[in-house]
Amino acid sequence: MNQQKQKIKNINQIVKNNILNLIPYQSARLLYKNNINNKIMLNANESPIISLFSTNNKILNRYPEQQPKKLLNFYSKYINLNNKNILITRGADEGIDIIMRTFCDQKYDKILFCPPTYDMYRVTANILNIKYLMIFSIKNNWKINFNKIKKNLKNVKIIYFCNPNNPTGNTLNKNDIIQLLEFTKNKIIIVIDEAYIEFCLDQTMIYLINKYENLIVLRTLSKAFGLAGLRCGFILTNKYLIKILLKVIAPYPISIPVLDIAVQALNTKNIIIMNNNVKTIINNKKWLIEKLNNCNCVKKIFVSKTNFILVKFNNSKIIFDILNKNNIIVRDQNHEKILDNCLRITIGTFYECKKLFYILQKIS
Ligand SMILES: *Cc1c(COP(=O)(O)O)cnc(C)c1O
């Protein structure tokens, strides 16, 4: 054995087995490493609209507050929920992680989720060595199989739902969730990931937070607010659980520049701008769906309440490559068997939607 190989072998003996075996999260940035300038990036569900911010606070010798009051109050006002019901996190991804670390004992507990959905529930469980159970949704309409969930709750501590769902774009039925919250009361935490909720605000479940003590909602500034680069998210739940989660979160999760910009993004003027941007994206989506429905290469467009669409093609591999050659980067979903020949396409600017359509029209 050469020296290099021996070194790797020695190091691998120290690393935990679940990490050695981990299939890590395939982020859009990892999957597409080329320069993204002058490319049409429709692969990460980011906002195509740029808002400019700069940080005013240049004094950084002191640690920030663990939970900056000012930001809590701004977010509280925006969602019309008491600031005691809010925990600020480094993006929704940190929320997913903190909740698992707070409630799950790797010896006994499991989490449950319903593929196809956001992959970080699986990745986080693998990293923390927590078992997971997958209940597959019904393929033709991606509906959650609640009956099957209810029959498989042994040792389940947390159920993660994404609403509206990534990558399918569909929404949960509120009555199903309320029934499940009743059914799992005092036993199981139900997490609703509302990363895309600004695109369909009537679907939010936050008004149930003070009614069901086992409900936790996740939010982020990464999608509708156009601040994926900021890394700021929120956990919303009852004040007792917030206190528990505070024990687990890092002592200083939110840096002072992040705090400063998040507060600006949540002022009245910028919330109006965000809401207008949401309307623009939804209009672009309507236009694009109408046009794509007339393209021969498109087999099906799934109903979406978000800023992206899941599209089934006759041959998605060819489409992906042609788009790629034309500098349009979308997200391939073929790796999941239930999503064969599907691409997930983020809704871009009107110009970007038009470019996408012209290319698909040519192929057709
Ligand atoms: C993008 C996304 C996240 C991650 O949000 P961050 O705040 O950027 O960490 C979480 N959940 C879903 C469903 C997402 O699509």
| task | Answer with yes or no whether Asp109 is within 14 Å of the ligand (Cβ to nearest atom), assigned by TED's automatic domain parsing to the domain that holds Pro253 and among the acidic types (Asp, Glu). | result | no
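To keep it simple, each residue is scored yes or no on (1) more than 16 Å from the ligand (Cβ to nearest atom); (2) within 22 Å of Ala265 (Cβ to Cβ); (3) among the charged types (D, E, K, R).
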| position | (1), (2), (3) |
| --- | --- |
| Lys9 | yes, no, yes |
| Asn17 | yes, no, no |
| Asn37 | yes, no, no |
| Lys69 | yes, yes, yes |
| Leu72 | yes, yes, no |
| Tyr75 | no, yes, no |
| Asn80 | yes, yes, no |
| Asp97 | no, no, yes |
| message | Just to check your reading of the model, which residue among Ala228, Ala195, Ala224 is out of contact with any helix residue (DSSP H, G or I) (no Cβ under 7 Å at 6 or more places or on another chain), in a loop (DSSP other than H, G, I, E, B) and on the phi < 0 side of the Ramachandran plot? | response | Ala228
| remark: Thr171 passes all but one of the listed conditions (1) surrounded by fewer than 22 Cβ atoms within 10 Å (Cβ to Cβ); (2) more than 13 Å from the ligand (Cβ to nearest atom); the exception is number (2)
| field | Residues satisfying the stated conditions in segment 198-221, i.e. more than 16 Å from the ligand (Cβ to nearest atom), touching an Asp or Glu at 6+ places or on another chain (Cβ under 9 Å) and assigned to a helix (DSSP H, G or I) | value | none
| task | Tell me, please, whether a residue that is on the phi < 0 side of the Ramachandran plot, surrounded by 17 or more Cβ atoms within 10 Å (Cβ to Cβ) and of a type in the set (Lys, Arg) can be found in segment 319-341. | result | yes
| said: Take Ala28 and tell me if it is under 22 Å from Ile149 (Cβ atoms), of a type in the set (Gly, Ala, Ser) and in contact (Cβ under 8 Å) with a residue 24 or more places away in the chain. | reply: no
| Can you spot a residue in segment 78-93 that is of a type in the set (Asp, Glu), in a loop (DSSP other than H, G, I, E, B) and at pLDDT 95 or above? | no
| query | Quick one: would you say Ile282 is in a helix (DSSP H, G or I), at pLDDT 95 or above, hydrophobic (A, V, I, L, M, F, W, C) and not assigned by TED's automatic domain parsing to the domain that holds Cys342? | reply | no
| Just one of Thr306, Thr349 is outside the structural domain of Lys139 (by TED's automatic domain parsing), surrounded by 21 or more Cβ atoms within 10 Å (Cβ to Cβ) and under 18 Å from Ala44 (Cα atoms); which is it? | Thr306
| note | Checking Ile338, Ile329 in turn, the sole residue that is aliphatic (A, V, I, L, M) and within 16 Å of Cys162 (Cβ to Cβ) turns out to be Ile338
| message | Name the single residue that is nearest to Lys223 (Cα to Cα) among those in segment 326-361 being in contact with a helix residue (DSSP H, G or I) (Cβ under 9 Å, 6 or more places away or on another chain) and of a type in the set (Lys, Arg). | response | Arg331
| request: Identify, by number, the condition in (1) under 30 Å from Asn126 (Cα atoms); (2) within 16 Å of the ligand (Cβ to nearest atom); (3) buried (at least 22 other Cβ atoms within 10 Å of the Cβ) that Arg90 doesn't meet. | output: (3)
| note | Of the residues in segment 230-244, those that are within 13 Å of the ligand (Cβ to nearest atom) and more than 14 Å from the chain's Cα centre (by Cα) come to Leu230
| task | May I ask you to list the residues in segment 116-126 that are touching a helix residue (DSSP H, G or I) at 6+ places or on another chain (Cβ under 7 Å) and within 15 Å of the ligand (Cβ to nearest atom)? | result | Pro116, Met120, Tyr121, Thr124, Ala125
| So Tyr132 clears everything in (1) more than 15 Å from the ligand (Cβ to nearest atom); (2) of a type in the set (Phe, Trp, Tyr); (3) under 27 Å from Ile301 (Cα atoms) except one condition, right? Which one? | (3)
| query | Of all residues in segment 39-53, how many are within 13 Å of the ligand (Cβ to nearest atom), of a type in the set (Gly, Ala, Ser) and farther than 17 Å from Phe320 by Cα? | reply | 1
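The values are calculated or read from the model by the stated rules, or taken from the named source; none is laboratory data. No experiment lies behind these values; they were computed from the predicted model shown. Don't worry about glycine lacking a Cβ; one is built from the backbone with ideal geometry, like all the others, and counts go over all protein chains shown.
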